[in-house]
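Inspection log for the structure reproduced underneath, given as structure tokens.
Read-outs: derived from the displayed coordinates by stated rules, not from any lab. A quick note: this is a predicted structure, and the numbers were derived from the prediction, not measured. Positions of Cβ are generated from backbone atoms using ideal geometry, with glycine treated the same way; all protein chains shown enter the neighbour counts.
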Amino acid sequence: MADINQTIEQIKQQIDMTNLPKHIAIIMDGNGRWAKKRFLPRNFGHQEGMERVVEIVGAASSLGIKHLSLYAFSTENWKRPVEEVQGLMKILVQYIRRELDKLHKNNVKIQVMGDIEKLPQFAKEEVIRAIEKTFKNTGMILNIGLNYGGRDEIIFGIKNLLIDLKMGKINIDELNEINFSNYLYTKGQPDPDLLIRPSGELRLSNFMLYQIAYTEFYFSDVLWPDFTEKHLLLSIIDYQKRNRRFGGI
Ligand code: FPP
């Protein structure tokens, strides 16, 4: 039985490398509570959360995960105090400045889910630089949810679909579940096989609503700033025990 007290190598040996999830999605939650427990301002939790982003992206990519989607900033997160929003944007920029060369060397391709037009200019520029630099990479696709909402994404898709219908690029009778997914931010990518939510909350919070129709969920009480490579590996082992039927028998 795999458990957190084993070494990374011991846990890894229990993973079936022929049955890895192709796409893992993570709702990175619990940064605020992590900071509060330490009597620190909330942004200290986000800062430590960034260290886990570094760790989990590295672990997923070296394990051979092909797609990783991280929920970093939702369309609802603008309601937070301005200092927290500003702090999060600075942490995002810091992450890109610190990690971009390494990500690029590891062949990771950075993509964004969400409308980055609303991001502050300094953050938007850095995000665009990361997308452009890694554009041709063929390794893991790292989708970062920024100003992202699942409902907002579906509306974004419908708007683009209507444009294509009007221009005669698609016929309404041809529309189906598969080709509609090409109007989403994750165009061309498989749906998540595994969705991880740390921090004990049991909800989806508007994340990838269209794509998670048959996704396996993994909830953990660990707060995101404490969610390490070992936790990721344990979630994959748990996923590999599931009997996925996709509505069949
Ligand atoms: C939710 O925790 C977390 C966020 C809104 C931000 C996630 C951002 C990071 C992990 C920072 C770095 C991201 C990247 C991509 C470099 P919460 O603040 O809602 O926690 P709480 O529920 O405990 O208050």
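If you add up the charges near SER205, with Lys and Arg at +1 and Asp and Glu at -1, over every other residue whose beta carbon is less than 10 angstrom from its beta carbon, what do you get? Mind dumping the intermediate values first?
Values: positive: ARG197, ARG203; negative: ASP29, GLU76, GLU201.
Combined, the nearby Lys, Arg, Asp and Glu give -1.
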(request) Let me see the pair-distance distribution of the chain: every alpha carbon pair, 5 Å bin width, integer percents in order. (result) 1, 6, 13, 17, 19, 18, 13, 7, 4, 1, 1, 0
(request) May I ask you to order 87-96, 237-246 by the average number of other C-beta atoms within 10 Å around their residues, highest value first? (result) 87-96, 237-246
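Using the Cβ atoms and a cut-off under 15 Å, what net charge is assigned to the surroundings of VAL85, where Lys and Arg are +1 and Asp and Glu are -1? Provide the component values of the computation, followed by the final result.
Details: positive: ARG42, LYS79, ARG80, LYS90, LYS118, LYS124; negative: GLU76, GLU83, GLU84.
Net charge in that neighbourhood comes out at +3.
Compute the relative contact order of the chain as a whole-number percentage, counting only Cα pairs closer than 8 Å that sit 6 or more residues apart in sequence.
Numbers: 381 pairs, mean separation 72.6, N = 249.
The value is 29 percent.
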(message) I need the peptides 11-19, 133-141 ranked by packing, meaning the mean over residues of other C-beta atoms within 10 angstrom, with the highest value on top.
(response) 133-141, 11-19
(message) I need the calculated FRET efficiency for the pair PHE180 and GLU9, taking r as the beta carbon distance and R₀ as 51 Å, to the nearest 0.05.
(response) 0.75
